[in-house]
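The values are calculated or read from the model by the stated rules, or taken from the named source; none is laboratory data. These figures come from a predicted structure and were not determined experimentally. SASA here: full protein model, heavy atoms, side chains in, ligands and nucleic acids out. Shrake-Rupley method; radii C 1.70, N 1.55, O 1.52, S 1.80 Å.
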Amino acid sequence: MRAAAADDGASAVDVIVRGRIIGRRRVSKRLAFYDVRVDDALDAAAVGADDATLRDDGRRARAHAALSAGELIEMVVKASHGAFVTHEDVAWAQKTSLKLGNTGAFRGTLSRRAANAHGEWSLACEEVVEIVEEWAKVNPGKAFQRELYLPNEGGESGIGGEASSRVADGASVGACKFFINNAFCAKGDKCKYAHDRAVQREWIAARKANRREIAAKECGDPHGDSVASKQMRAQRFAQFLLEKFGAEVLNAGTGVLDVAGGRGDVSFELHTKLGIKSTLVEPRERKLNKKQHKWLKKKLKTDESTAPEAESMLCEQIRTEFSSENFAQFKDCSAIIGMHPDQATEAIVDFALQY
């Protein structure tokens, strides 16, 4: 049973709240809200002092008594408040300590919220005192589930059991679209729709299946369930070119001309991995991703005796815009390609028609 709540005189007191972060709502770079499940609360001014200090301050004592273990409070983290001097301080705290599932001690001003607000108590956080437990270290490879830490109708948390559905017996509500798309909902427990990860997974699977069915009926989709992820588009495009035209045709002349190739993903697949001569035409500097760096490192490590330097394994790049003024420079290419070339699309078509 919760003790009597703090009176008006105790509407704002400096405390250290210990608890677990179970929800977050980032409004901007400078402002974010966190739902904290309280373990206990201490008088920040009396930390290190004797118990008499706490007992003598009735205002603070009543405020702490109003918070019981399992209580949910909303913690506000804002730039220019306390230790969060700039938005960079907020970003650093979010990156290192203010993560879902982490248990820590947070110092700030505790105050009672309006009757219809999100939660009864609000903590204007001024400092992250310490992180007692990091979810990622204690639960490696396991995603944090907010539902397991929400109180059920009896006031007990769902820890150790299944996620609470907040749906009355016999009632049926739809899935919350915000929770499905973002894994959280700003309305929290006040949302009338279901916040359940099982429902989320079922909804996503059904949506994908429906899209595949529509594509098969309307367009004769040949891929079915074997469709690759978006990250594989450069690899699949390069494989298509090799299967369609063959290595001999693609290696003729100066090889494949990759126009507006961006980071150089397609030319990397063709030249570096498949051995097809290629030239990248892109004004911006080529930038390899993590997987490409890893592939090169492995290649060089396993073939040290004959492997050239990583840079020499990449195709030639000409940092210029592709236009009619430099068409003649590339006339000996075997094929011209452009994956999402945007503004260069017209120039690619004009070049193909001319040569």
Worksheet entry | C-alpha center-to-center spacing [segment 307-342, segment 93-113] in angstrom | 51
Item to complete: Can you pull a Stokes-Einstein diffusion coefficient for segment 174-217 at 25 °C (0.890 mPa s), Rh from Kirkwood over Cα pairs, as a whole number of µm²/s?
Response: 219
Fill in: Percent carbon-and-sulfur accessible area, segment 231-354, ignoring ligands, DNA and RNA, probe 1.4 Å
50
Worksheet item: By how many nm would the segment from D332 to N139 lengthen if fully extended, with 0.36 nm per residue of separation less the alpha-carbon distance?
Response: 63.8 nm
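Going by a ≥ b ≥ c, the root eigenvalues of the Cα gyration tensor, does segment 231-354 fall in the rounded group (a/c under 1.5), the prolate group (a/b larger than b/c) or the oblate group? Don't skip to the answer; put the middle values down first.
On the way: a/c = 1.83, a/b = 1.62, b/c = 1.13.
Prolate, because a/c is 1.5 or more and a/b exceeds b/c.
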